[in-house]
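K.L.:
Here you go, one structure.
Values quoted throughout were computed directly from the atomic coordinates according to the rules given, and no laboratory measurement underlies them. Computed from a predicted structure; not experimentally measured. Cβ coordinates were reconstructed from backbone atoms using ideal geometry, including for glycine residues, and neighbour counts include every protein chain displayed.
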Amino acid sequence: MTATTSVDAAAPGRGPSRPGPGRRRGADLIVRSNLLLVFLALCVVASLLAPEFLTTRNMANLLQQSALTGIVAIGMTMVILTAGIDLSVGSTAAFGGMVVALLIDRDMNFVLAILVSLACGAAFGALMGGLSAYLSLPAFMTTLAGLTAIRGLTYLLTDGEPAGGDIPEVFQLLGGGFVGYVPIVGIIFVAVTVLAALVLRCTTFGEYVYAVGSNREAARLSGLPVRAVITAVFAISGALSALAGVLLTSRLTIGQPTAFNGLELDAIAAVVLGGTNLFGGRGGVFGTFVAVLLLSVLRNLCNLLGLGSFFQMVVTGLILVAALILNMAIEKRGARA
Amino acid sequence: MTQHPVNGPDGPTAVPRLRMRGIVKRFPGTVASDGTELTVLPGEVHCLLGQNGAGKSTLMKILAGSYQPDEGEILLDGEPVRLSGPQAGMAAGIAVIYQELDLVPDQTVAQNLLLGRAPAAGPFVRDRRRRELARAAIERVGGTFPVTATVRDLPIAAQQLTAIARALTADARVIVMDEPSATLGEADLEAVFAVIRSLTAEGRSVIYISHRMDEVMEIGDRATVLRDGRTVGVFDIARTSKEELVAAMIGDSTELVHPADRPAPTGEPLLEIDHVRFPGLLDVSGISVRPGEIVGLAGLGGAGRTTLLRALFGDARGDVAVRLAGRPVRLSGPAAAVRAGFALVPESRKEQGLLLGLSVGRNAAVAALGRPPWLLPRRTGARRAAPVLAGLGVRHASAGQPVGELSGGNQQKVVLAKWITRGGLRVLLLDEPTRGLDVGAKADLFREVRRLADSGVAVLLASSELTELTANADTVWVLHEGRNVGRFDPRTTPENTIAHTVITGVTP
């Protein structure tokens, strides 16, 4: 504080008085590209250690595996940017997958079935977000309640049995199909990321998301529709979760009520690894995008090297901690500059 | 350099309690202390004055042991000391009471007072003993509240006394108080002053930091004025006028201390407050503001100024009847109030006014984006905010600079810029807009507020500093215990008369 103001007092003109912001932006860039560099380095290491890593087949596999978590993580990013958290994504995804399977089984047009499923997800999200925004309940609690209740509802749909079976071919393409070597779910993941980035950067709604996350009280006292914005990001997160469920149903050709257990933790891990601040206001979807790929490359590498899943869990946790420490160190340096 | 002969309580030859000699502290890109000198005598209240950034906080952090000076020495009662950390500072008998009270809000007064040093028998806290010790400490500072109360539930004045009491449980020789009045009303301040007087009567020394000159004149024995990290003068307050001190603080710069007078606005009232009622809290009626008029709201802490402004901004549920240009307006929430043309510069700019992590440009534009086509907010926002920021003279490196990096005065201007960028401003509500700002920044801010008023905006200005109101407002309303008790024209009423009403609630 003192340092800042003394500089102000000392600099007579109005012009740029110090290199602070430039360096800050530089630091931001390092944070962002840091993750990208780590990601690329990991890919190089992977291709050296396991020759089959760089095969198109493995790459396609990788994208397909990460796409569903990725789509959910994008929605989670928007929620976390408003300083919220959505623990219900796994249950909502499972519910979405079951609904679409059941509806198609009942001979509904699959496009319509998808839309109904997405609407259910959005409605669940809006309900939990709305409770949190309008009654000032912590989102952690409303979505924790949602996690349990929606999972229960999912089981109730079929009494815990998988659903569906007779699924049209076109619908199966959505989750399991390829364009050339590229899996369609991967394309959907990229599209969702780009769309979310556009919403965040190029619309007033996106700007409000950052404003609410940065300082909810100041945003409210600036006349912003804070509660509507919070409700909306939860609705988006719910809809994207349901989309992930739909894509899984399409790939497996049945709806699994037990699917996506623990998805919320994977999604949150990716968001945080991607540099989005858990307390809101800072970050973005591209960081999340890279982080999702990084995590699944890591998993893929462990698989190729024949390391068990227990080992993978340990490595993932360590990587997360390391990334957080690195981000904090760089941010501190930026703040001091 | 103005140097009056010094007559401390122990005579001019007494060994100083504290001497800081030739203190230099450099930070990357700036020198915060540049050979600062400070001499404090035993049993005196020594005021440390200076604009924001003059080096007061740095000097006090060095004294507390939080910072290590690059050069210079510290002598306590003639003995050189090295304060290697806050613990060493405390051990040497230096107690610092910061502006942001560092109490644990969810613990009791007793728990706070003996935090980390609770009397214990083995692993068990001796709770009754702790309460007794705490009670004695609170009594010593004149507090009458129970030590079992949770700090969060206490009024600010009681919290302040708790912080003082805690600082005193260590045997403090030098007590530093950093702007204790920033959050206190005038009556509460008297309680703190009484404690300060009893401390100095015991021979302890108090270093008092404040921006409010009236307090300095009342409580201080001597004053050291800092500017740009250097000591520019030591004054004997009894023989010095406020103007001399202010002149020393701002140096050669010709910022206005007393703004020019201007004719009182005439015309039909723009804002008419028929009544604002909150049972047991607030009952205000019959205040009106003309376009171009600045109406000041004076009152003690808790008199209802903030509640009134928040009610006018649609942010407090109660019985509110307000007319704008003769037509009743329904203020169902801040968003509705903003649409009607109301703007609030809230009490705490960091917690309520600014999106602290975001850039200057985004802060200045955030209220102006609610119109179709709702696209490209950063580009359109930057385009619309740039001339406003330039017009207000906000000193910033670029629109992309995080707003948290600006000085207090410039941050407050960004809050103002937010509303100007939005446009359609009709009623500006200012709640303690100059809190924590230095003299130059205050004058600068009021110049901008007057310019807005001159463009036809109705301004309601709440401030704890009466001088600020009489210097800037066309009309001053005094609020006392939730009621508006008196209306004054500062051009014709002596400040003392208004001050009397502020404290007593009685109009002459």
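K.L.:
Using alpha carbon centroids, what distance separates the stretch B:440-467 and the stretch A:166-218, in Å?
P.N.:
The distance from the Cα centre of the stretch B:440-467 to that of the stretch A:166-218 comes to 47 Å.
K.L.:
For chain B, give me the percentage of DSSP beta bridges that are antiparallel, rounded to the nearest 5 percent.
P.N.:
Approximately 55 percent, going by the DSSP bridge assignments.
K.L.:
Additional query: Describe numerically, in nm with one decimal, the distance between label points set 7 Å from Cα along Cα→Cβ at A:THR316 and at B:ASP283.
P.N.:
6.4
K.L.:
While we're on this one: What is the angle, in °, between the Cα long axis of helix A:285-304 and the longest principal axis of the Cα atoms in chain A? Nearest 10 is fine, range 0 to 90.
P.N.:
60
K.L.:
Does anyone have the angle between helix A:110-134 and the longest principal axis of chain A? Alpha-carbon axes, 0 to 90°, nearest 10?
P.N.:
Once rounded, the angle reads 40 degrees.
K.L.:
Once you charge only the Cβ atoms, +1 for Lys and Arg and -1 for Asp and Glu, what is the size of the charge dipole of the stretch B:103-170 about its Cα centre, to the nearest 20 debye?
P.N.:
So the magnitude is around 240 debye.
K.L.:
Taking a spot 7 Å from the Cα of B:ALA321 along the direction of its beta carbon, which residues of the stretch B:285-306 have an amide N less than 14 Å from it?
P.N.:
Answer for this model: B:285-287.
K.L.:
Based on other C-beta atoms within 10 Å, arrange A:GLU264, A:GLU161, B:GLU465, B:GLU202 from fewest to most.
P.N.:
The order, fewest Cβ neighbours first, is B:GLU202, A:GLU161, B:GLU465, A:GLU264.
K.L.:
Just to verify a number: FRET efficiency for A:VAL111 and A:TYR155, C-beta to C-beta distance, R0 = 25 Å, to 0.05?
P.N.:
The calculated FRET efficiency here is 0.40.
K.L.:
Here's something else I'd like to know. What FRET efficiency do you get for A:SER47 and B:ALA91 if R0 is 56 Å and r is their Cβ-Cβ distance, rounded to the nearest 0.05?
P.N.:
Efficiency computed from Cβ-Cβ geometry: 0.40.
K.L.:
Please work out the ratio of the alpha-carbon Rg of the stretch A:54-193 to 2.2 N^0.38 Å and round it to two decimals.
P.N.:
1.15
K.L.:
Then there is this: Give the angle, between 0 and 90 degrees and rounded to the nearest 10, that separates the Cα long axis of helix A:309-336 from the longest principal axis of the Cα atoms of chain A.
P.N.:
30
K.L.:
Now, a different point. Please give the charge dipole size of the stretch B:20-121, origin at the Cα centre, charges +1 on K and R Cβ atoms and -1 on D and E Cβ atoms. Round to the nearest 20 debye.
P.N.:
That gives the stretch B:20-121 a dipole magnitude of about 160 debye.
K.L.:
Points 7 angstrom from Cα along the Cβ direction at B:GLU268 and B:THR492: gap in nanometres?
P.N.:
Label at B:GLU268, label at B:THR492, 2.6 nm between them.
K.L.:
Sticking with this one: Can you sort A:THR203, B:THR507 so the residue with the fewest Cβ neighbours within 10 Å comes first?
P.N.:
Working: A:THR203 17, B:THR507 14.
Arranged by neighbour count, lowest to highest, A:THR203, B:THR507 become B:THR507, A:THR203.
K.L.:
If you stretched the chain out fully between B:THR507 and B:ALA390, how much longer would it get, using 0.36 nm times the residue separation minus the C-alpha to C-alpha distance? Numbers along the way, then the final one.
P.N.:
Working: separation 117, 0.36 × 117 = 42.12 nm, distance 4.36 nm.
This chain segment gains 37.8 nm when fully extended.
K.L.:
Which listed residue (B:ILE175, A:THR231, B:THR144) has the Cα farthest towards the positive end of the charge dipole for the protein assembly as shown, taking +1 on Lys and Arg C-beta and -1 on Asp and Glu C-beta about the Cα centre?
P.N.:
A:THR231
K.L.:
Let's see if you can work this out: charge +1 on each Lys and Arg Cβ, -1 on each Asp and Glu Cβ, no other charges. What is the dipole magnitude of chain A about its Cα centre, in debye to the nearest 20?
P.N.:
Computed about the Cα centre, the dipole is about 1480 debye.
K.L.:
Sticking with this one: Sort the protein assembly as shown into rounded, prolate or oblate with this rule: let a ≥ b ≥ c be the square roots of the eigenvalues of the Cα gyration tensor; rounded if a/c is under 1.5, and if a/c is not under 1.5, prolate when a/b is larger than b/c, oblate otherwise.
P.N.:
Values: a/c = 2.11, a/b = 1.65, b/c = 1.28.
Cα axes put the protein assembly as shown in the prolate bin.
K.L.:
Sticking with this one: What chymotrypsin sites (Phe, Trp or Tyr not before Pro) does the stretch A:149-249 have in DSSP loop regions with at most 16 other beta carbons within 10 Å?
P.N.:
Taking the stretch A:149-249 and a limit of 16 other Cβ atoms within 10 Å, the loop chymotrypsin sites (Phe, Trp or Tyr not before Pro) found are A:TYR181.
K.L.:
Build a GNM of chain A with springs between Cα atoms under 10 Å: which of A:ALA232, A:ALA322, A:ALA94 gets the top mean-square fluctuation?
P.N.:
A:ALA322
K.L.:
Considering the dipole of the stretch A:67-284 built from charges on the beta carbon (Lys and Arg +1, Asp and Glu -1) around the Cα centre, which of A:ILE74, A:SER214, A:ASN277 is farthest to its positive end?
P.N.:
Of the listed residues, the answer is A:SER214.
K.L.:
Provide the FRET efficiency to the nearest 0.05 for the B:ARG330-B:GLU351 pair, computing r from the beta carbons and using R0 = 35 Å.
P.N.:
0.80
K.L.:
Over the C-alpha atoms of the stretch B:103-170, what are the Rg and the largest Cα-to-Cα span, Dmax, in Å?
P.N.:
Calculated on Cα positions, Rg and Dmax stand at 11.0, 35 Å.
K.L.:
Something else about it: Considering only DSSP beta bridges whose two residues both sit in the protein assembly as shown, what percent are antiparallel, to the nearest 5?
P.N.:
55
K.L.:
I want to check a number: in the protein assembly as shown, how many lysine pairs have alpha carbons closer than 24 Å, given a sequence separation of 8 or more or different chains?
P.N.:
Taking the Cα cut-off of 24 Å, the pair count is 16.
K.L.:
When N is the residue count of the stretch A:67-284, what does its C-alpha Rg come to as a fraction of 2.2 N^0.38 Å?
P.N.:
Output field value: 0.99.
K.L.:
Give the residue list of trypsin sites (Lys or Arg not before Pro) in the stretch B:327-415 that are DSSP loop and have at most 12 other beta-carbon atoms within 10 angstrom.
P.N.:
B:ARG330
K.L.:
May I pose another question? Could you pull out the GluC sites (Glu not before Pro) across the stretch B:32-113 that fall in loop regions by DSSP (anything but H, G, I, E, B) with no more than 15 other Cβ atoms inside 10 Å? All intermediate terms of the calculation are to be shown ahead of the outcome.
P.N.:
Working: sites: B:GLU37, B:GLU44, B:GLU71, B:GLU73, B:GLU100; in loops: B:GLU44, B:GLU100.
Passing sites in the stretch B:32-113 are B:GLU100.
K.L.:
May I ask you to sort B:TRP477, B:TRP374 by Cβ crowding, counting other Cβ atoms within 10 Å and putting the fewest first? Mind showing how you got there, number by number?
P.N.:
Working: B:TRP477 26, B:TRP374 16.
The most exposed by this proxy come first: B:TRP374, B:TRP477.
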